[in-house]
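Read the structure below first, then the notes.
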Amino acid sequence: MTKKIIIAIDGHSSCGKSTMAKQLAKEIGYVYVDTGAMYRAVTLYAMQKGLYPDSGIKEAELKAAIDAGKIQIGFKFNPETGRPDTYLNGQKVENEIRQMDVSNRVSPIAALPFVRALLTEQQQAMGREKGIVMDGRDIGTAVFPQAELKVFVTATAKVRAQRRYDELMGKAQTQEEKDALNFEEILKNVEERDYIDSHREVAPLRKADDALVLDNSELTREEQSAWLLERYKKIVG
Ligand code: DC
């Protein structure tokens, strides 16, 4: 039997990490975990419970909710889409967590040490049996520093904003939703998140020393998937 490994895919937001990570997991029969979805689910919880007003996060109350085990995040494979859906306390929240209001608020939530401690622990438990492809910002540096394959993915902010814009446009159901999309706003969000993610105190986004770098600004999905599969094969022999 081929040996099972841990594959850590880190990088900037909207750089196509999750597409390539998902594709690889499917191809090699591994479990795929989108850790960004977990930070988004905590953000959604805070918003729903009024713990994230415009004046800022109510940290003590959010911490109390976490300590009391009130935030349960899980994934369930969706055979229709072929991808896992994110669940928050038993409710499917896959669409809600991808909306701009969550995107605009998630980085400050992801900078809170007690939120990172909770999610890091859950992520480590998910990888105990190996055979996992996990994507995020700190997988190769903080969650699984011992991962056998680490990839750091990036692309220019403009390319990433365009991809995000196209994705949201594809998902928009009504003309109103389409009209509400604004490329400049999305670009600003991408740049702001880059800044906060790279400058926070706990587990900032950075390339692990032993990670392979992939700049996919000029690559097609197929090219990047082939690149990743090749790296995996080299390791498992
Ligand atoms: O990958 P994404 O855009 O869905 O991630 C959402 C946010 O969560 C992003 O601002 C960075 C943060 N994040 C993180 O801090 N650590 C991770 N392992 C994954 C995501």
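Rule-based calculations on the coordinates, nothing more; no lab input. Quick caveat: nothing in here was measured; it's all calculated off a predicted structure. Glycine gets a Cβ as well: all are built from the backbone with ideal geometry, and neighbour counts include every protein chain shown.
Are there any trypsin sites (Lys or Arg not before Pro) in segment 104-142 that are in a DSSP loop and have at most 14 other Cβ atoms within 10 Å? List them by number.
Taking segment 104-142 and a limit of 14 other Cβ atoms within 10 Å, the loop trypsin sites (Lys or Arg not before Pro) found are 128.
Loop only by DSSP, 14 or fewer other Cβ within 10 Å of the Cβ. Give me the GluC sites (Glu not before Pro) in segment 148-237 that pass, ordered by residue number. All intermediate terms of the calculation are to be shown ahead of the outcome.
On the way: sites: 148, 167, 176, 177, 184, 185, 191, 192, 201, 218, 222, 223, 230; in loops: 148, 201, 218.
Those satisfying the criteria are 201, 218.
Please give the length that would be gained between residue 81 and residue 231 if that part of the chain were fully extended, namely 0.36 nm times their separation in residues minus their C-alpha to C-alpha distance (nm, one decimal).
Answer, rounded to one decimal: 51.4 nm.
Return the distance in nm (one decimal) between the two label points of a simple spin-label model at residue 206 and residue 183, each offset 7 Å from Cα along Cα→Cβ.
3.5 nm
Would you list, by chain and number, the lysines whose Cα falls below 30 Å from the Cα of residue 234, excluding same-chain residues fewer than 8 positions away?
3, 4, 17, 22, 26, 130, 150, 207
Quickly work out the residue 27-to-residue 121 label distance, labels modelled 7 Å from Cα along the C-beta direction, and quote it in nm with one decimal.
Here the modelled spin labels are 3.6 nm apart.
Find, among the GluC sites (Glu not before Pro) in segment 1-96, those assigned to loop by DSSP (not H, G, I, E, B) with at most 13 other beta-carbon atoms within 10 angstrom.
Listed in order of number, the matching sites are 80.
Give, in nm to one decimal, the length gained when the segment between residue 68 and residue 3 is fully stretched (0.36 nm per residue of separation minus the Cα-Cα distance).
Result for the pair: 19.6 nm of gain on full extension.
Before rounding to the nearest 500, sum -39500 (n - 2.57) across all DSSP H runs of length at least 4 in the chain and divide by the residue total; then give [θ] at 222 nm in deg cm²/dmol.
The helix contribution divided over the chain gives -15000 deg cm²/dmol.
Classify segment 107-237 as rounded, prolate or oblate, taking a ≥ b ≥ c as the square roots of the eigenvalues of its Cα gyration tensor: rounded when a/c is under 1.5, otherwise prolate if a/b is larger than b/c and oblate if not.
oblate
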